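Have a look at the structure below, then the notes.
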Amino acid sequence: MLGKKLVTAQKRGETRALCLGLGMVACSMMMYFFIGITIVPFYTKSVWTTETVCKVLKVNIKDKVFCPNSEGSEDEEIFPYPCLQVWVNLTASGQEVMLYQTEDTLERNPECSYVPDKLENSKDVKARIETIASNFKKYQTFPCYYDPGGAQTNVILSRLYPSKGLLFAFLWPTLMFTGGCLIIVLVKISQYVSVLSAWQ
């Protein structure tokens, strides 16, 4: 009687462990799919792939310009802000090009090097842009990214999704997938050992 209870409990534990392993594998596949349709397209679309050194040539703050807070925004979502323009010398080619914060900055407003992330107090935005401008004047040499193919003649300060960030995004689903497969393998080994012991 006790042996039957132990066998039943063992089977229940194996079933739960197997379900856990299969669930982890399924969740990792969903995470892979989500990363594949969100982060990977932005990474492959970016042409600013080569890192080089940029040296600041001039920093200007123009009068306020109007820019939508997001693509397809209504008129009430368009907000004014000072337009920061940073021109740098690209050491890889010696050209004078305009610097943008990220790939998204160029798409939102090609006239400005920096675009505020969201609608905020105009004084705070102005103070932040002035701080950024003073930092560029203070630290005139810094790493930047350019297009080695020459399709884009401008440079960006940082990539939205660098190679390390992409690898880190794939790390967690990979660990979950590996853990799930390991649990399934261990359950199958346990079942095989149980059958072998019963046969003997």
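The values are calculated or read from the model by the stated rules, or taken from the named source; none is laboratory data. Here the structure is a predicted model, which means the values were calculated and not measured. Neighbour counts are summed over all protein chains in view; Cβ atoms, including those assigned to glycine, are modelled from backbone coordinates with ideal geometry. To get the accessible areas, we keep the full protein, side chains included, count just its heavy atoms, and leave off ligands, DNA and RNA. Shrake-Rupley method; radii C 1.70, N 1.55, O 1.52, S 1.80 Å.
If I filter segment 179-196 for residues that are in a helix (DSSP H, G or I) and exposed (fewer than 10 other Cβ atoms within 10 Å of the Cβ), do I get at least one hit? Outline the logic, then answer.
At the first step, the residues of segment 179-196 found to be in a helix (DSSP H, G or I) are 179-196.
Those left that are additionally exposed (fewer than 10 other Cβ atoms within 10 Å of the Cβ): 196.
Yes, that holds for at least one residue.
Quick one: would you say K137 is open to solvent by 80 Å² or more (accessible area, probe 1.4 Å), without any contact (Cβ under 8 Å) to a residue 40 or more places away in the chain and out of contact with any Gly (no Cβ under 9 Å at 6 or more places or on another chain)?
On the way: open to solvent by 80 Å² or more (accessible area, probe 1.4 Å): yes; without any contact (Cβ under 8 Å) to a residue 40 or more places away in the chain: no; out of contact with any Gly (no Cβ under 9 Å at 6 or more places or on another chain): yes.
No, not satisfied.
For segment 24-63, how many residues are part of a helix (DSSP H, G or I), open to solvent by 90 Å² or more (accessible area, probe 1.4 Å) and not β-branched (V, I, T)? Show your work before the answer.
Step one: filter segment 24-63 for residues part of a helix (DSSP H, G or I), giving 24-45.
Adding the requirement that they be open to solvent by 90 Å² or more (accessible area, probe 1.4 Å) leaves 29-30, 33-34, 37, 42, 44-45.
From what's left, not β-branched (V, I, T): 29-30, 33-34, 42, 45.
So the count comes out to 6.
Based on what the data block shows, is Y146 of a type in the set (S, T, Y), surrounded by 13 or more Cβ atoms within 10 Å (Cβ to Cβ) and in contact with a helix residue (DSSP H, G or I) (Cβ under 6 Å, 6 or more places away or on another chain)?
Details: of a type in the set (S, T, Y): yes; surrounded by 13 or more Cβ atoms within 10 Å (Cβ to Cβ): yes; in contact with a helix residue (DSSP H, G or I) (Cβ under 6 Å, 6 or more places away or on another chain): no.
No: the conditions fail for Y146.
Considering only segment 134-179, how many residues are modelled with pLDDT under 90, closer than 15 Å to Q101 by Cα and aliphatic (A, V, I, L, M)?
Of the residues in segment 134-179, 1 are modelled with pLDDT under 90, closer than 15 Å to Q101 by Cα and aliphatic (A, V, I, L, M).
With E71, E107 as the choices, which residue is open to solvent by 60 Å² or more (accessible area, probe 1.4 Å), of a type in the set (D, E), closer than 30 Å to L167 by Cα and at pLDDT 80 or above? Spell out how you get there, then give the answer.
Working: E71 fails: at pLDDT 80 or above.
Criteria check complete, one pass: E107.
Quick one: which residue in L99, L160 is in contact with a Ser or Thr (Cβ under 9 Å, 6 or more places away or on another chain) and open to solvent by 50 Å² or more (accessible area, probe 1.4 Å)?
Values: L99 fails: open to solvent by 50 Å² or more (accessible area, probe 1.4 Å).
Result of the check over L99, L160: L160.
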